[in-house]
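Since the structure comes first, as structure tokens, the remarks are kept for the end.
The values are calculated or read from the model by the stated rules, or taken from the named source; none is laboratory data. Remember, predicted model here, so these are calculated numbers, not experimental data. In this analysis, Cβ positions are derived from the backbone assuming ideal geometry, glycine residues included, and neighbour counts consider all displayed protein chains.
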Amino acid sequence: MLKKIPVVFATDENYAFYTCVAITSMAKSAGCDTEYDVYILVNDTFPKQSILNKIPSRFPNIKLKLLRVASGMFQNVVINSKHVSRATFYRLMISELIDADQCLYLDSDVIVTEDLWPLFSTSLDGYYIAGCRDIWMDMLSEEKLEEMRRSIGIPTMEEYINAGVLLMNLREIRESGLDRVLMQHLNADYPHEDQDILNVCCLGKIKRLPAKWNVFTIFLGKIEEMRARGISEAVIQAFLAKKGIIHYATPNLRPWEHFFCWASQEWWETASEWKEESLYQDLKEKVQKRDDERPREDDIKKCQGYQRIIIFGFTHYGKEVCDGLLKHDFQGKLVFCDNDLCKQEKTYKGIETISLEAAKRIPGALFFSSSQRRSAEVKQMLLDAGIREEDILCYRRRKREYYLYLDSRYYLDELKDIFLWEYGPDMGCYVEDLQEMRQKLSDKAVWQDWYEKYYLEDWILKGE
């Protein structure tokens with residue numbers, strides 16, 4: 001017997017391809033007797049022709065319908081997060097748009113790795129919606145959690161769920177009048193937009209789903225922290241298994257932004273179903289170009305093309321740049337530059353510090369800005385001083401977040417780049433063996449500086 005499941009997405013033109021990948025994963029993971037009726041909520045300006053229209057002809061288990069929402073009614077919604085669009089609020093009116101008793105709602109930044117019938121067949125008797133616990137709530141301090149509770153005005157956060165995956169009792173929502181209540185909250189100012197609206201309005205009638213149905217990739221880099229916060233081992237194992245629904249809910253750490261982030265490979269394997277499409281090709285080329293850059297190795301290569309290297313900023317970071325370059329035979333080519341008169345004429349390892357006016361007169365020079373917080377400002381100052389953009393390089397020190405969400409498949413690549421910078425061409429004690437490198441780096445007395453500089457305990461030395 002054919003199992004038909006209504007599934008709803010809400011998207012805009014910018015997210016059309018990611019929505020396509022999500023639906024593709026659903027189609028590929030479906031059981032042989034499962035069919036999906038997919039409804040995509042879009043605004044009235046969404047193009048009539050998009051890659052979404054090609055899905056049904058490629059996957060016979062998908063029937064697809066675009067439903068246009070009058071965007072005017074969402075003009076005054078309050079958005080507090082940069083990565084949130086008005087389309088996310090469309091889910092609040094699903095009960096008015098879909099003629100079904102029950103449906104699944106999925107965010108576009110997911111991939112599905114299992115048949116969804118076990119999820120859809122979950123009983124919702126006595127409940128408005130079902131979803132997975134928002135693990136962020138369990139990671140907050142008691143003070144922060146209480147602050148959030150007060151900000152949305154509910155008596156408890158125990159039921160609070162993430163709204164990226166929802167099982168919705170549409171019949172109960174309509175019959176109870178909850179659909180009207182949701183719309184009354186449409187323009188309310190909540191920290192987490194429509195997710196808070198759903199948690200506020202459905203309080204007391206929210207069912208908890210197993211963790212596998214909303215695996216936040218961000219927490220794949222926080223396993224030990226989850227254990228320390230008392231998250232159950234069953235939830236942790238569900239995350240590690242990555243079976244069910246994988247949710248790429250963290251801005252700047254999504255597969256279409258970086259290859260290196262957790263579970264990126266799984267997303268790109270699904271996306272490759274559309275590899276003949278220009279949307280796929282352009283996106284992959286863009287990410288490839290960004291992630292192919294090895295900050296330290298590329299900096300060294302660029303420096304080799306110049307007669308002199310002017311390190312802008314006689315600071316801690318400027319000295320870091322200097323130390324790295326000295327390991328690559330740039331002795332005699334280096335000079336510091338700083339606008340602070342107190343720093344001019346100071347030396348570091350025999351290398352002098354001069355003014356910007358004096359530095360500008362040096363022919364064949366590369367300006368290497370060491371600033372981290374004011375990098376863009378310093379670059380603009382150098383441009384205003386007449387330095388060509390191609391002759392300016394900015395020191396890009398990795399932030400802790402980069403290492404925290406780095407997929408373990410990329411650990412050796414990153415470590416190789418670090419060793420090249422720190423030791424020069426001989427690479428020190430680097431070897432192409434992850435376990436051996438872990439053992440070497442575990443000696444904190446020897447690698448103390450690296451623990452602080454490269455956050456070793458947040459990636460290569462993590463327990464999992």
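Computed quantities for the displayed model
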item: Criterion violated by Arg373 - all others in (1) assigned by TED's automatic domain parsing to the domain that holds Ile311; (2) part of a helix (DSSP H, G or I); (3) of a type in the set (D, E, K, R) satisfied; result: (2)
item: Extreme residue, farthest from Pro255 (Cα to Cα), among residues of the stretch 1-30 that are assigned to a loop (DSSP other than H, G, I, E, B) and modelled with pLDDT under 95; result: Met1
item: Test set (1) over 36 Å from the mean Cα position of the chain (by Cα); (2) within 16 Å of Asp299 (Cα to Cα); (3) free of Cβ contacts under 8 Å to residues at least 40 places away in the same chain - Asp323 fails condition number; result: (1)
item: Enumeration of residues in the stretch 194-236 that are within 23 Å of Leu404 (Cβ to Cβ), in contact (Cβ under 8 Å) with a residue 40 or more places away in the chain and of a type in the set (Asp, Glu); result: Glu224, Glu225
item: Residue count, the stretch 257-315 (criterion: small (Gly, Ala, Ser), in contact with a strand residue (DSSP E or B) (Cβ under 7 Å, 6 or more places away or on another chain) and in the same structural domain as Leu366 (by TED's automatic domain parsing)); result: 1
item: Residue that is outside any helix (DSSP H, G or I) and under 22 Å from Val7 (Cβ atoms), where the choices are Glu172, Glu158, Glu114, Glu96; result: Glu114
item: Lone qualifier among Ala70, Ala100 - being exposed (fewer than 13 other Cβ atoms within 10 Å of the Cβ), over 26 Å from the mean Cα position of the chain (by Cα), among the aliphatic types (A, V, I, L, M) and in the same structural domain as Ala16 (by TED's automatic domain parsing); result: Ala70
item: The stretch 386-423, residues that are in a loop (DSSP other than H, G, I, E, B), in contact with a helix residue (DSSP H, G or I) (Cβ under 8 Å, 6 or more places away or on another chain) and more than 20 Å from Gly318 (Cα to Cα); result: Gly386, Tyr405, Asp407
item: Of residues in the stretch 199-250 being basic (Lys, Arg) and surrounded by 20 or more Cβ atoms within 10 Å (Cβ to Cβ), the one modelled with the highest pLDDT; result: Lys212
item: Test: residue in the stretch 364-373 that is of a type in the set (A, V, I, L, M) and over 30 Å from Gln435 (Cα atoms); result: yes
